[in-house]
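K.L.:
Quick one: the structure is below, and I'll ask about it shortly.
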Amino acid sequence: MTATLPEAELPHNKFDTILVLDFGSQTSHLILRRLRGLNVYAEMLPCTTKLADLPFKPKGIILSGGPSSVYDEGSPHVDSAIFDLGVPILGICYGCQELAWQMNSANVARGEAREYGHADVTIHKVDAHVDRLFAGLGDVMHAYMSHFDKLVKLPEGFVVVASTANSEFAGIAHQSKNIFGVQFHPELEHTPRGSELLRNFSVDICGANPSWVMGDFVQQEIARIRHLVGDRAQVIGAVSGGVDSTVAAKLMKEAIGDRFHAVLVDNGLMRLNECAQVKATLSEHLGINLTVVGAADLFLGRLAGVLEPEKKRKIIGSTFIDLFEKEAERIEKEAENTPNAGKVEWFLQGTLYPDVIESLSFKGPSATIKTHHNVGGLPERMMNGQGLRLLEPLRLLFKDEVREIGRSLNIHRDLIMRHPFPGPGIGIRILGEVTPERVEIARKADHIYISAIREAGIYDQMSQAYAGVDTNKAVGVMGDTRVYGYIIILRAVTTSDFMSAEAFEFPWALLQKIARTIVNSVDGVARVTYDLNSTSKPPGTIELE
Ligand code: XMP
């Protein structure tokens, strides 16, 4: 992937943009979130971006933190043309050291120990020009520090505008140019007034117009889609009933009506009644041109006798692609025979900004990217095999922004707040072989579990919950008879990023009631367990397989 986005993908003609150059900190994306929270539009590119290649001129640039030392061989450095661009610059942590180092390497000393934790930052009053970064923040602000190297000398032309007990140069500013640096992290919640500092920089110093609002984004995106797709071309896209694909599909519907074709593949591994619900929501409520491809038997047939998790995923993924491709060809043929319809030229994908950030990282796609979550390379097949172009209307948005758009597009709250559901569905929640009987049991148990969670009003307190089925059977007693039946595994986790997760702490009585209801009402179940121990991630994963 190239470092810059194609021009058509960029809304810069409308919004003033603050460019964040990423040096690989875990919290770089939070700078964007904070700025967008201030209605300031911001984008992130790798720190190594050649500024001459930028298809737009940013209002200002922020250099993020990063794990490197400026002294490491191969450590990332910013294009020195940054100083010729004539826009304000703010360096955060590593970004601040990088600024100082670029001016003179003697300004930065190699760290001996990482300094991290809370610090009280004393704000100095110097003069009207340099005081703008900390304006309105009083005499002392609470901040979070995490750095290794340290500024030991002021770069030429700079003055100190903030300091802490351990960092003489916690905040620096150039006396006449608009260049600033802070050693702490204003983007973190642990720096409670960090947003105000970022506002001072982006709005007051850079002059960025805080005009990034979701309502405008929707109109802007609809216009962009119409412009890209034109008056005749058609677009296809897979939908799952999840929030991303539903919002993307609804945007397409608003933009080009029935020339967008949504395809829902019923793989027989969706939740109880889910296929019908998705159909009702997308087709009847949202008016999206939807085709449901019923293929439960095909999927279950191909999965018969297969035990190995990755093999199951591959079978489900490739069967899905086969069917989707066939459907695309059918739509294409139909279009050929319809006088006013154009060719199918585009493929819709619900990519979100975190995926974009990950793939644009200067380190390359991170080791943590979950390749198995992309359905077997569907976009590549559609682009290279079918010659379609990729349309990604949500690629600039974070999940909570997608939800906000969903609300503005009148999508039902339950769908917007729905827990994520994996592409291979309950196929990876049934340990071992997926049989029709076990699918039925998993579905019924899951339905009871999730309904009880919803009734208790705690659905939104957890990030993901489901019932799975164990490979083994267990003995239980029902009435006067001993039964030998399936073991249900209940899981519920809380997580903010799905990279780590903790088991949800259930009210005990509720969990007992759910377990009893499942054993009593789902035939074939002898025992119910709640997965506590390995639900933490790592070492466990959220799904069972
Ligand atoms: P894990 O199991 O990796 O799950 O801890 C993290 C998140 O990813 C989802 N997940 C998947 N989603 N296809 C998907 O579309 C998959 O194969 C898959 N495996 C896991 C999981 O539901 C959780 O939200």
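The values are calculated or read from the model by the stated rules, or taken from the named source; none is laboratory data. Keep in mind it's a predicted model, so treat the numbers as computed, not measured. Using ideal geometry, Cβ is built from the backbone for each residue, glycine included, and neighbour counts are taken over all protein chains shown. Just so you know, the surface numbers come from the protein's heavy atoms only, side chains and all, with ligands and any DNA or RNA stripped out. Shrake-Rupley method; radii C 1.70, N 1.55, O 1.52, S 1.80 Å.
K.L.:
Inspect the stretch 538-545 for any residue being in contact with a strand residue (DSSP E or B) (Cβ under 9 Å, 6 or more places away or on another chain) and away from the ligand (no atom under 12 Å from the Cβ) and give the result as yes or no.
P.N.:
No, because not a single residue in the stretch 538-545 is in contact with a strand residue (DSSP E or B) (Cβ under 9 Å, 6 or more places away or on another chain) and away from the ligand (no atom under 12 Å from the Cβ).
K.L.:
Working carefully through the options Lys279, Lys333, find the one that is under 30 Å from Ser463 (Cβ atoms) and assigned to a helix (DSSP H, G or I).
P.N.:
Answer to the check: Lys279.
K.L.:
Regarding the stretch 173-181, can at least one residue be identified that is farther than 30 Å from Met383 by Cβ, among the β-branched types (Val, Ile, Thr) and more than 25 Å from the chain's Cα centre (by Cα)?
P.N.:
Yes, some residue in the stretch 173-181 is farther than 30 Å from Met383 by Cβ, among the β-branched types (Val, Ile, Thr) and more than 25 Å from the chain's Cα centre (by Cα).
K.L.:
Would you say Gly65 is part of a loop (DSSP other than H, G, I, E, B) and surrounded by 21 or more Cβ atoms within 10 Å (Cβ to Cβ)?
P.N.:
Yes; evaluated as a whole, the condition is true for this residue.
K.L.:
Hey, Val121 hits all of (1) closer than 24 Å to Ser25 by Cα; (2) assigned to a loop (DSSP other than H, G, I, E, B) but one; which does it fall short on?
P.N.:
Looking at each condition in turn, Val121 falls short on (2).
K.L.:
Further question: Can you give me the number of residues within the stretch 294-320 that are within 20 Å of Val278 (Cα to Cα) and without any contact (Cβ under 8 Å) to a residue 12 or more places away in the chain?
P.N.:
Number satisfying all stated conditions: 0.
K.L.:
Within the stretch 176-185, identify whether any single residue is at pLDDT 95 or above, open to solvent by 10 Å² or more (accessible area, probe 1.4 Å) and of a type in the set (A, V, I, L, M, F, W, C), and answer yes or no.
P.N.:
Yes: one or more hits.
K.L.:
I would also like to ask the following. Only one of these is open to solvent by 10 Å² or more (accessible area, probe 1.4 Å), modelled with pLDDT of 90 or more and either within 16 Å of the ligand (Cβ to nearest atom) or within 24 Å of Ala249 (Cβ to Cβ) (or both): His285, His373. Name it.
P.N.:
His285
K.L.:
Which condition does Leu197 not pass, out of (1) assigned to a strand (DSSP E or B); (2) open to solvent by less than 10 Å² (accessible area, probe 1.4 Å); (3) of a type in the set (A, V, I, L, M), if it passes all the others?
P.N.:
(1)
K.L.:
Check whether at least one residue in the stretch 492-503 is crowded, with 22+ Cβ neighbours inside 10 Å, away from the ligand (no atom under 16 Å from the Cβ) and aliphatic (A, V, I, L, M), and report yes or no.
P.N.:
No, the stretch 492-503 has no match at all.
K.L.:
Which one of Ile450, Ile441, Ile518, Ile458 is within 16 Å of the ligand (Cβ to nearest atom), open to solvent by less than 30 Å² (accessible area, probe 1.4 Å) and out of contact with any Pro (no Cβ under 6 Å at 6 or more places or on another chain)?
P.N.:
Only one candidate passes the filter, namely Ile450.
K.L.:
For the structure I just gave you, tell me whether Asn209 is open to solvent by 50 Å² or more (accessible area, probe 1.4 Å), within 30 Å of Leu251 (Cα to Cα), of a type in the set (S, T, N, Q) and in contact (Cβ under 8 Å) with a residue 24 or more places away in the chain.
P.N.:
In short, yes.
K.L.:
Being in a loop (DSSP other than H, G, I, E, B) and farther than 25 Å from Val229 by Cα, is that true of even one residue in the stretch 309-327?
P.N.:
The answer is no; no qualifying residue exists.
K.L.:
Which number in (1) under 30 Å from Phe398 (Cβ atoms); (2) touching a helix residue (DSSP H, G or I) at 6+ places or on another chain (Cβ under 7 Å) marks the one condition that Ala100 misses?
P.N.:
(1)
K.L.:
Of everything in the stretch 413-438, what is of a type in the set (Val, Ile, Thr), under 17 Å from Lys312 (Cβ atoms), out of contact with any Phe, Trp or Tyr (no Cβ under 9 Å at 6 or more places or on another chain) and more than 11 Å from the ligand (Cβ to nearest atom)? Give them in sequence order.
P.N.:
Ile430, Thr435
K.L.:
With (1) at pLDDT below 95; (2) aliphatic (A, V, I, L, M); (3) under 17 Å from the mean Cα position of the chain (by Cα); (4) more than 14 Å from the ligand (Cβ to nearest atom) as the list, and Leu390 as the residue in question, which single condition is left unmet?
P.N.:
(3)
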